[in-house]
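Trainee: After the structure tokens below, expect a handful of questions from me.
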Amino acid sequence: MINPYFRFNKYKYSIFIFIFLLTACSTSFIDSGQSLGSNDSNAVVLGDVDGDGDLDMAVANQNQGNRIYLNDGTGDFSDSGLSLGANSSQSIALGDIDADGDLDMVVANQNQGNRIYLNDGTGDFSDSGQSLATNDSASIFLGDVDGDGDLDIVVANRNQANLLYINDSSGNFSDSGQAFGNNDSRSIVLGDVDGDNDLDMVVANQGQPNLVYINDSIGNFSDSGQSLGSNDSNSVILGDLDNDGDLDMAVANQNQGNRIYINDGFGTFSDSNQSLNTNDSRSLALGDVDNDGDLDMVVANYDQNNRVYINNGTGDFDEDQALGTNSSQSIALGDLSGDNKLSIVVANYGQGNTVYHYETETFGLSDLFGGGQ
């Protein structure tokens with residue numbers, strides 16, 4: 001016969017556990033309340049520009065000075081007061097281009113020369129005086145393509161050839177003479193897609209297939225012959241999405257489903273057949289937002305909710321959260337407060353740039369069922 005006391009306590013503990021679960025938590029991205037600037041921002045990137053050990057923010061603006069926001073170490077940002085150029089800036093990247101141990105900045109401009117800004121180590125940038133071509137540039141990316149230990153530049157141009165600039169190791173760039181395609185290119189990234197230890201190139205195009213270029217290890221690129229989709233693609237990023245040790249591809253499309261392409265390990269990509277929403281997507285970023293060991297995805301959408309997608313570990317994504325309804329152009333992930341949790345920063349057009357922290361919200365029975373006075 002079951003002891004009535006045991007039965008009572010079993011139910012009591014069950015009720016306790018139920019109430020504990022109800023009053024426990026919900027983990028998600030929470031708006032920090034920061035609204036940084038009111039510019040027409042097109043791109044945002046994170047990096048420790050002042051050498052204090054936390055991630056600061058650099059923002060590219062349309063026909064307004066590009067801005068630097070400094071992190072206080074807790075994820076709260078203040079305007080550095082710098083206003084760099086007044087160009088039609090579309091894209092921005094950070095990297096140590098002059099080998100002095102700090103992060104410098106390169107900016108892609110629309111129908112104006114692309115610019116190089118050198119950091120003095122404290123986050124104070126000065127124009128190097130270099131102006132790289134006068135193309136309708138949409139995207140810029142840094143990487144050592146020729147294996148000489150310094151960072152080179154690749155630039156995606158609209159309806160013009162995409163270009164490669166070689167660094168002389170001191171931060172001075174020269175045109176490589178290579179011209180890649182003549183597409184309406186919107187985004188460009190570098191990564192070792194074929195496992196031969198050099199940086200290959202992937203380009204996202206509007207209304208034309210996205211393309212993969214293979215590096216011969218000394219910075220000469222050849223078209224792989226792959227044509228991936230025929231969408232209006234605005235952004236592309238590389239990362240190991242299915243945990244098999246190679247770089248896969250995620251693509252943000254305009255008013256079409258965002259796509260995931262899986263790498264076979266040798267640089268050949270196949271469509272995973274996932275079509276993630278049908279938003280006006282402008283940018284995406286990858287990072288392990290739920291700390292489960294795989295890369296999740298965040299997407300910036302224009303005049304629609306920005307989206308968070310959770311990876312199941314095999315490269316299949318489920319939508320998790322919708323954030324804001326701003327005119328978002330660019331998005332980035334980073335640990336802004338040193339708590340080993342990724343936050344989101346978003347560049348918005350004509351609105352303040354926003355910061356979302358990954359936090360735990362506690363709630364109780366009164367939140368669920370109402371606690372009227």
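Trainee: For the range 104-169 and the range 204-279, what is the centre-to-centre distance using only Cα atoms, to the nearest Å?
Mentor: With the range 104-169 and the range 204-279 each reduced to a Cα centre, they are spaced 23 Å.
Trainee: Starting from the Cα-Cα distance between D31 and T268, subtract it from 0.36 nm times their residue separation and give me the gain in nm to one decimal. The partial results should precede the final answer.
Mentor: Numbers: separation 237, 0.36 × 237 = 85.32 nm, distance 3.89 nm.
Full extension from D31 to T268 adds 81.4 nm.
Trainee: Output the relative contact order of the range 213-351, whole-number percent, from Cα pairs under 8 angstrom with separation of 6+ residues. Working shown, then result.
Mentor: Numbers: 351 pairs, mean separation 21.8, N = 139.
Rounded, it is 16 percent for the range 213-351.
Trainee: Angle, helix 4-22 long axis vs. longest principal axis of the chain, Cα atoms, 0 to 90°, nearest 10?
Mentor: So the helix axis and the longest Cα principal axis differ by about 30 degrees.
Trainee: Taking 7 Å along the Cα-to-C-beta vector as the label spot, tell me the D303-S230 distance in nanometres, rounded to one decimal.
Mentor: 2.8 nm
Trainee: What list of ³J(HN,Hα) couplings, whole Hz, do you get for the range 311-323 from phi and the Karplus terms 6.51, -1.76, 1.60, once you set θ to phi - 60° and write x for glycine and proline?
Mentor: After applying 6.51 cos²θ - 1.76 cosθ + 1.60, I find 7, 8, x, 10, x, 9, 10, 10, 5, 10, 7, 10, 10 Hz.
Trainee: Given the Cα-Cα distance of D223 and D48 and 0.36 nm per residue of separation, how much length would full extension add, in nm?
Mentor: On the way: separation 175, 0.36 × 175 = 63.00 nm, distance 3.48 nm.
Contour length minus the Cα-Cα distance gives 59.5 nm.
Trainee: Right, here's the next one. For D240 and N255, compute 0.36 nm times the residue count separating them, minus their Cα-Cα distance, and round to one decimal in nm. Working shown, then result.
Mentor: Working: separation 15, 0.36 × 15 = 5.40 nm, distance 2.54 nm.
That pair, D240 and N255, stretches by 2.9 nm at full extension.
Trainee: At 7 Å along the Cα-to-beta-carbon direction for both E359 and D72, put a label point, then send me their distance in nm to one decimal.
Mentor: For the pair E359/D72, the computed spacing is 1.4 nm.
Trainee: Roll a 1.4 Å probe over the protein chains and send me the accessible area per residue for the chain in Å².
Mentor: Working: 15280 Å² over 373 residues.
Accessible area per residue: 41 Å².
Trainee: May I ask you to derive the relative contact order of the chain, considering only C-alpha pairs under 8 Å and at least 6 residues apart, and to give it as an integer percent?
Mentor: Normalised by residue count, the contact order of the chain is 15 percent.
Trainee: How many percent of the accessible area of the range 210-365 is carbon or sulfur, using a 1.4 Å probe? Intermediate results must be reported in sequence, preceding the final value.
Mentor: Values: 2330 of 5730 Å².
That fraction is 41 percent.
Trainee: As a check on your grasp of the helix formula, calculate [θ] at 222 nm for the chain: sum -39500 (n - 2.57) over DSSP H runs of n ≥ 4, divide by the residue count, round to the nearest 500.
Mentor: On the way: 2 runs with 24 residues, N = 373.
It comes out at -2000 deg cm²/dmol, rounded to the nearest 500.
Trainee: Under a crude label model (7 Å from the Cα following the beta-carbon direction), how far is D335 from D124 in nanometres?
Mentor: Using points 7 Å along Cα→Cβ, the separation is 3.1 nm.
Trainee: Using the Karplus equation 6.51 cos²θ - 1.76 cosθ + 1.60 (θ = phi - 60°), what ³J(HN,Hα) coupling, rounded to whole Hz, does each residue of the range 231-248 give in order, writing x for Gly and Pro?
Mentor: Calculated HN-Hα couplings, in order: 8, 8, 8, 10, 8, 9, 9, 10, x, 7, 7, 10, 6, 10, x, 10, 8, 9 Hz.
The values are calculated or read from the model by the stated rules, or taken from the named source; none is laboratory data. Since this is a predicted model, take the numbers as computed values, not measurements. In this analysis, Cβ positions are derived from the backbone assuming ideal geometry, glycine residues included, and neighbour counts consider all displayed protein chains. Each accessible area value is taken on the protein alone, full model and side chains, heavy atoms only, with ligands, DNA and RNA left out. Shrake-Rupley method; radii C 1.70, N 1.55, O 1.52, S 1.80 Å.
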